[in-house]
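Novice: This is the structure I want to talk about, given as structure tokens.
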Amino acid sequence: MPPATTDHRIQSQSESVAPRSSAQDETSFFVTPGWGSENGGGRGYSLVELLVVILVAAIIIAMAIPQVLSALKGYRLHGDASAIAAQLNVTRFRATSQFTPYRMNIFTATSPQSFTMERLCGTDTDCLAPVAPCVQSYMPYLQADIESGSQYLSTGDTFTTTNPGGAVLPPSLGGTGTGSTVFYFNTRGLPVDCKGTPLSDGGAVIYLKNGNNLSDAVVVTVGGRISIYAWSPGSNSWVIR
């Protein structure tokens, strides 16, 4: 009887196939069959392979660390320049809002170097130390009126009054380009000297540098505009930031 023979053959084939257990299904999800072995099982990494990967990673890291550190120092320098520019702007606004002269002082003798915002006083213009609590214009009180406390540069960053660009001056500046350590502002928010006289040579500037020979310049123009420039040795010029 042919039909019975066919049914018996199909039944025998189905019984010879053992059902997969749930444990085998879960294992097959994590193990790739046939990868690197003849019996179709999975395998891990050998100790030699792991050592090679670690060695390659260590070489890449060793090559990248100096560049990363240099970039971080550059970011810190630019951050300090931005902080000084922001403090100069605040000093200008305080002078106009309080209708009294203000100045920003830069201290190179502290470690790390620092800067402060100071309220000034008086009406006279002789640049001499006051003999009373407040009698002379653009001079400090007998007891200095420092606002917002002292601000410090990042470790490794320093002020300098020497132009890193040599004869190449930051835009808008004239004269020698020598940096200033005191920035005065009158009640109109314009930069002046200690007698209240408007600045010449296009304004005033202070330079910053770090151990990687990166340099920034913070410029105050005669109109009171404050800008930040970075020295580019490649193009031998000051580039605005």
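Novice: Do you know which residues across region 136-155 are open to solvent by less than 50 Å² (accessible area, probe 1.4 Å) and either within 27 Å of the chain's Cα centre (by Cα) or closer than 22 Å to Trp231 by Cβ (or both)?
Specialist: Answer for region 136-155, where residues must be open to solvent by less than 50 Å² (accessible area, probe 1.4 Å) and either within 27 Å of the chain's Cα centre (by Cα) or closer than 22 Å to Trp231 by Cβ (or both): Glu147, Gly149, Leu153, Ser154.
Novice: Asp193 - would you say it is crowded, with 16+ Cβ neighbours inside 10 Å and over 26 Å from Gly74 (Cα atoms)?
Specialist: Considered against the rule, which asks whether it is crowded, with 16+ Cβ neighbours inside 10 Å and over 26 Å from Gly74 (Cα atoms), Asp193 comes out as yes.
Novice: Sticking with this one: Give me the pairs: first residue in region 77-105 and touching a residue at least 40 places away in the same chain (Cβ under 8 Å), second residue open to solvent by 50 Å² or more (accessible area, probe 1.4 Å) and part of a helix (DSSP H, G or I), beta-carbon distance under 6 Å, and six or more apart or on different chains, which are they?
Specialist: So the pair list comes out as Tyr102/Arg94.
Novice: Could you list, ordered by first residue, the pairs with Cβ atoms under 7 Å in which the first is in region 43-61 and free of Cβ contacts under 8 Å to residues at least 12 places away in the same chain and of a type in the set (Lys, Arg) and the second is assigned to a loop (DSSP other than H, G, I, E, B) and open to solvent by less than 100 Å² (accessible area, probe 1.4 Å), at least 6 apart or interchain?
Specialist: Sorted first by the residue in region 43-61, then by its partner, the pairs are Arg43/Gly36; Arg43/Ser37.
Novice: Filter region 111-122 down to the residues that are assigned to a strand (DSSP E or B) and polar (S, T, N, Q) and list them by number.
Specialist: Here is the first cut: in region 111-122, the residues assigned to a strand (DSSP E or B) are 114-121.
Correct list: Ser114, Thr116.
Novice: Would you be able to tell me the number of residues in region 135-177 that are assigned to a loop (DSSP other than H, G, I, E, B), on the phi < 0 side of the Ramachandran plot, touching a residue at least 24 places away in the same chain (Cβ under 8 Å) and in contact with a strand residue (DSSP E or B) (Cβ under 8 Å, 6 or more places away or on another chain)?
Specialist: 13
Novice: Do you know which residues across region 76-110 are assigned to a strand (DSSP E or B) and open to solvent by 50 Å² or more (accessible area, probe 1.4 Å)?
Specialist: Of everything in region 76-110, just one residue is assigned to a strand (DSSP E or B) and open to solvent by 50 Å² or more (accessible area, probe 1.4 Å), namely Phe107.
Novice: I'd like to verify a number: residues in region 178-189 that are closer than 20 Å to Phe115 by Cβ and open to solvent by less than 50 Å² (accessible area, probe 1.4 Å), how many?
Specialist: Looking only at that region, the number is 7.
Novice: Also: Among the numbered criteria (1) in a strand (DSSP E or B); (2) open to solvent by 30 Å² or more (accessible area, probe 1.4 Å); (3) not charged (D, E, K, R), which single criterion is violated by Ala230?
Specialist: (2)
Novice: Can I ask one more? Scan region 208-224 residue by residue and report those that are assigned to a loop (DSSP other than H, G, I, E, B) and either farther than 15 Å from Pro170 by Cα or touching a helix residue (DSSP H, G or I) at 6+ places or on another chain (Cβ under 6 Å) (or both).
Specialist: Residues of region 208-224 that are assigned to a loop (DSSP other than H, G, I, E, B), as a first pass: 210-214, 222-224.
If the condition is that a residue be assigned to a loop (DSSP other than H, G, I, E, B) and either farther than 15 Å from Pro170 by Cα or touching a helix residue (DSSP H, G or I) at 6+ places or on another chain (Cβ under 6 Å) (or both), then Asn210, Gly211, Asn212, Asn213, Leu214, Gly223, Gly224 are the ones that fit.
Novice: Here is a further query. Can you name the number of the only condition in (1) at pLDDT 55 or above; (2) open to solvent by less than 80 Å² (accessible area, probe 1.4 Å); (3) of a type outside the set (A, V, I, L, M, F, W, C) that Ser28 fails?
Specialist: With respect to (1) at pLDDT 55 or above; (2) open to solvent by less than 80 Å² (accessible area, probe 1.4 Å); (3) of a type outside the set (A, V, I, L, M, F, W, C), Ser28 is out only on (1).
Novice: Can we say Val205 is buried (at least 22 other Cβ atoms within 10 Å of the Cβ), out of contact with any helix residue (DSSP H, G or I) (no Cβ under 7 Å at 6 or more places or on another chain) and either in contact (Cβ under 8 Å) with a residue 40 or more places away in the chain or assigned to a strand (DSSP E or B) (or both)?
Specialist: yes
Novice: Select from region 213-241 the residues that are more than 23 Å from Ala167 (Cβ to Cβ) and out of contact with any Phe, Trp or Tyr (no Cβ under 8 Å at 6 or more places or on another chain) and list them in ascending order.
Specialist: If the condition is that a residue be more than 23 Å from Ala167 (Cβ to Cβ) and out of contact with any Phe, Trp or Tyr (no Cβ under 8 Å at 6 or more places or on another chain), then Gly223, Arg225, Ile226 are the ones that fit.
The values are calculated or read from the model by the stated rules, or taken from the named source; none is laboratory data. Note that the coordinates shown come from a computational prediction; the quantities given were computed from them, not determined experimentally. Here the Cβ is made from the backbone with ideal geometry for all residues, glycine too, and neighbour counts use every protein chain on show. Ligands, DNA and RNA are excluded from the accessible area calculation, which covers all protein heavy atoms including side chains. Shrake-Rupley method; radii C 1.70, N 1.55, O 1.52, S 1.80 Å.
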